[in-house]
Amino acid sequence: MNDLLKKNLGNFFVIVAFTLFTTVSFLSGFEPGIGIFREQFFSFLKEMILFLPLMFILIGLGDVWIDREKVERHIGSESGVKGIILVIFLSMAQAGPLYGAFPVAYLLWKKGAGVRNMFIYIGAFCTIKIPMLTFEIGFLGWKFSLLRTLFSLPLIILIAILMEKILKRRTFEVKQP
Amino acid sequence: MQLLTVIAVLALLFSLIADRKKTFEGVKKGLIMLIRILPSILSVLILVSVVLYFLPNEVIVRYLGEEAGFSGYVLAALGGSVALIPGFIAYPLAGLLVRTGVSYPVIAVFITTLMMVGVLTLPVEIRYFGVKASLLRNALYLLAALIIGTLIGVFYLT
């Protein structure tokens, strides 16, 4: 709890300030203050309040059921289409920001995954990881999410192949900083 | 959104039948994640509420709507490449922007560049992949994001 407070000092300041501002606005009839709360904030909140917890429960369940290490063990040894599919599945099961993907990429590299599969991992991690898809579908709809995934996948694979071709001629390696 | 609720409930049921302990562990994990991210989501929501209240919808639509054309894409790509917003916050924000009148292709470019291109994380990336590979990856992904946005635009217009 203390940790939560420490990490979110700025956020809590905004929340407390907004709560005070809204209370005062309602008490004194300050029009913009009431408008911001009623027309904007509350209508957004209403939409999210129910399905945010559901989404996170879904993400938590995925985290418990998908055995990442098991997949990771196979990626180094598998190549070809099977390797690509495995890498994509692995990346979909991850969560977190882009810079969290680099250490995993290093791990894959060390385990013998090629340049191509490693960059497919990075690309798929960026665009189709399951926690993000849950959010995307929730807020932007199935059509958007499906189209974006369908267009992203071939481009990711294409770019990875291209990177492999370009980097092969030079001495490329992944380092651990 | 309803479909997602159905999926979540079904997943929860199946998980409960398969393994009760694992299910509780998963639900707990998810809810802890929610509590951790909630202050950020709320404060972004507040800031966006204030900005959207004072910024007329017409202005947003003019710069990021359908009639903004290519300049809307460029603006979205720039924003997405530089910004460091986690998806848990970016998607609610994108949902709001769509409702305000920002076009889907522009949102697609913003989301894709946000996820795939990292200007601010470039120093970290360089330490892993080196200068050449990192610059190459970001440049190619920026191009890909623009292509994806354009293709989504084609599908949403017809």
Under 11 Å from a point placed 7 Å out from the Cα of A:Lys143 along the Cα-to-Cβ direction: which residues of region B:123-158 have their backbone N that close? B:155-158
Can you give the angle from 0 to 90° between the axis of helix B:87-100 and the longest principal axis of chain B, with both taken from C-alpha atoms, to the nearest 10? 60
Classify region B:1-54 from the C-alpha gyration tensor, please: rounded if a/c falls under 1.5, else prolate or oblate depending on whether a/b exceeds b/c. oblate
Rounded to the nearest 0.05, what FRET efficiency do A:Arg38 and B:Lys132 have when you use their Cβ-Cβ distance and R0 = 35 Å? 0.10
What order, most packed first, do the peptides B:144-152, B:36-44 have when packing is the mean number of other Cβ atoms within 10 Å of each residue? B:144-152, B:36-44
Using the per-residue mean of other Cβ atoms lying within 10 Å as a proxy for protection, in what order, highest first, do the peptides A:89-100, B:92-103 fall? B:92-103, A:89-100
10 Å Cβ neighbours from other chains, averaged over peptide B:14-25: 2
Label point 7 Å out from A:Asn2 along Cα-to-Cβ: which residues of region B:25-44 have amide N under 19 Å? B:36
Once every DSSP H run of n ≥ 4 in chain A is given -39500 (n - 2.57) and the sum is divided by its residues, what mean residue ellipticity at 222 nm do you get, rounded to the nearest 500 deg cm²/dmol? -25000 deg cm²/dmol
Which residues does the label zone of A:Lys168 cover in region A:80-115, counting backbone N under 11 Å from a point 7 Å along Cα→Cβ? A:115
Order by neighbour count: A:Thr22, A:Thr134, fewest other Cβ atoms within 10 Å first, most last. A:Thr22, A:Thr134
Shielding of B:110-118 by partner chains, average beta-carbon count, 10 Å: 5
How would you rank B:19-29, A:105-115, B:49-59, highest first, on the average number of other Cβ atoms within 10 Å across their residues? A:105-115, B:19-29, B:49-59
Give the Cα extents of the protein assembly as shown along the principal axes, in whole Å, largest first. 69, 52, 41
Rounded to a whole number, the mean other protein chain Cβ count within 10 angstrom for residues of A:27-40 is 2
On a 0 to 90 degree scale, rounded to 10, what angle separates helix A:142-168 from the longest Cα axis of chain A? 40
Whole-Å distance, taken between Cα centres, linking region B:1-62 and region A:39-61: 4
Using a/c under 1.5 as the rounded threshold, could you call region B:1-123 rounded, prolate or oblate? The axes a ≥ b ≥ c are square roots of the C-alpha gyration tensor eigenvalues, and prolate needs a/b larger than b/c, oblate otherwise. prolate
Mind checking the log10 I(q)/I(0) for chain A at q = 0.17, 0.18, 0.20 Å⁻¹? Debye, one equal scatterer per Cα, no solvent, two decimals. -1.09, -1.17, -1.32
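No lab work stands behind these numbers, since they all come straight from the coordinates. Everything numeric in this text was worked out from a predicted model, so none of it was measured. Please note: Cβ atoms are built from the backbone with ideal geometry, for glycine as well, and neighbour counts cover all protein chains shown.
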